[in-house]
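Trainee: Mind having a look at this structure? Questions to follow.
The values are calculated or read from the model by the stated rules, or taken from the named source; none is laboratory data. Model, not experiment: these values are computed from the prediction. Glycine gets a Cβ as well: all are built from the backbone with ideal geometry, and neighbour counts include every protein chain shown. Just the protein is used for accessible areas: all its heavy atoms, side chains included, with ligands, DNA and RNA removed. Shrake-Rupley method; radii C 1.70, N 1.55, O 1.52, S 1.80 Å.
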Amino acid sequence: MQDLYVVSHPHAEHSERDLVGGWYDSTLTERGRRDAGSVAEELARRRSGARRPLRITTSDLARCAETARIIAATLDVPVAEDVRLREISFGVAEGRPNAWLAERQVPAPDDDRLDHRGPIPGAETRREVASRVGGCVGELMADIEHDHVVVTHGYALTFVVTTWLQVPVAASGFVAFTTSPGAITHLRLDDYWRNRAVVSLADVAHLRT
């Protein structure tokens, strides 16, 4: 069995301040760093007896990179940063109050789910996010000699999962996998039957209240 664990970065400063995230480069809060430690301990527990060596790949944004370093320190594994694992870009809305974006954002219509850009200058489309995240995850999937930890963001996580399940970008217009800060999603490849499973989605049982 090959395992891929997707970690949604824990609580970050922009959420505490009710600001739009995206590519806005905020750091973890004190709670976020504590929860990252809990994630690291849980991954170490789950990997007890694992036969494949581990790779950790993270979004280069500070809140993910810091999470990955905390995990790496516990698991004694190096970290590689990849810009393709970033959250969706909200363009000029990034770093502004969430209320500012809510007043201007227009949901994608059913007949243009992938390429709708909306009225926010610089914002990404769903297709753009799915394609870049998928490009990164596809490369990791080709490395069958390792298990993997991917540290990413709430919206981007959906496309880690769809890529793992080999859902084409063109078929991902309505797909959404909900997660929460510090959650672990466990994906597994059966070496014999070649099935790709979502073993658990957005598990937070390891986090302290």
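Trainee: Of all the residues that make up segment 1-36, how many are under 20 Å from residue 200 (Cβ atoms) and either under 17 Å from the mean Cα position of the chain (by Cα) or surrounded by fewer than 17 Cβ atoms within 10 Å (Cβ to Cβ) (or both)?
Mentor: Adding up the residues that qualify gives 11.
Yes/no matrix, rows are residues, columns are (1) under 20 Å from residue 71 (Cα atoms); (2) in contact with a strand residue (DSSP E or B) (Cβ under 8 Å, 6 or more places away or on another chain); (3) open to solvent by 60 Å² or more (accessible area, probe 1.4 Å):
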site: 146; (1), (2), (3): yes, yes, no
site: 160; (1), (2), (3): yes, yes, no
site: 166; (1), (2), (3): no, yes, yes
site: 178; (1), (2), (3): no, yes, yes
site: 184; (1), (2), (3): yes, yes, no
site: 190; (1), (2), (3): no, yes, no
site: 199; (1), (2), (3): no, yes, yes
site: 202; (1), (2), (3): yes, yes, no
site: 208; (1), (2), (3): yes, no, yes
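Trainee: Still on this model: Just one of the numbered conditions (1) of a type in the set (Val, Ile, Thr); (2) closer than 21 Å to residue 162 by Cα; (3) in a loop (DSSP other than H, G, I, E, B) is not true of residue 133; which one?
Mentor: Exception for residue 133: condition (3).
So that you can scan it fast, the table gives a plain yes or no per residue for (1) crowded, with 17+ Cβ neighbours inside 10 Å; (2) within 20 Å of the chain's Cα centre (by Cα); (3) within 16 Å of residue 54 (Cα to Cα):
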site	(1), (2), (3)
79	yes, yes, yes
88	yes, yes, no
102	no, no, no
107	no, no, no
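Trainee: Filter segment 1-42 for residues that are hydroxyl-bearing (Ser, Thr, Tyr) and assigned to a loop (DSSP other than H, G, I, E, B); which is farthest from residue 83 (Cα to Cα)?
Mentor: Top of the filtered list is 29.
Trainee: Continuing with the same structure: Does residue 156 satisfy the condition of being modelled with pLDDT of 95 or more, part of a helix (DSSP H, G or I) and out of contact with any Ser or Thr (no Cβ under 8 Å at 6 or more places or on another chain)?
Mentor: no
Trainee: In addition: Any residue at all in segment 51-59 that is part of a helix (DSSP H, G or I), closer than 30 Å to residue 166 by Cβ and touching a strand residue (DSSP E or B) at 6+ places or on another chain (Cβ under 6 Å)?
Mentor: no
Trainee: Looking at the structure I just gave you, is residue 129 of a type in the set (A, V, I, L, M, F, W, C), within 17 Å of residue 113 (Cα to Cα) and open to solvent by less than 50 Å² (accessible area, probe 1.4 Å)?
Mentor: The answer is yes for residue 129.
Trainee: Still on this structure, please answer the following. What residue, of 151, 92, is buried (at least 23 other Cβ atoms within 10 Å of the Cβ) and closer than 18 Å to residue 25 by Cβ?
Mentor: Exactly one residue qualifies, and that residue is 151.
Trainee: Taking the residues in segment 49-68 that are basic (Lys, Arg) and surrounded by 16 or more Cβ atoms within 10 Å (Cβ to Cβ) as candidates, determine which candidate is farthest from residue 142 (Cα to Cα).
Mentor: 63
Trainee: Among all residue pairs at least 6 apart or on different chains, which show Cβ distances below 7 Å where the first residue, located in segment 171-186, is in contact (Cβ under 8 Å) with a residue 60 or more places away in the chain and the second is of a type in the set (Val, Ile, Thr) and part of a strand (DSSP E or B)?
Mentor: From residues that are in contact (Cβ under 8 Å) with a residue 60 or more places away in the chain, the pairs are 179/185; 184/7; 185/6; 186/199.
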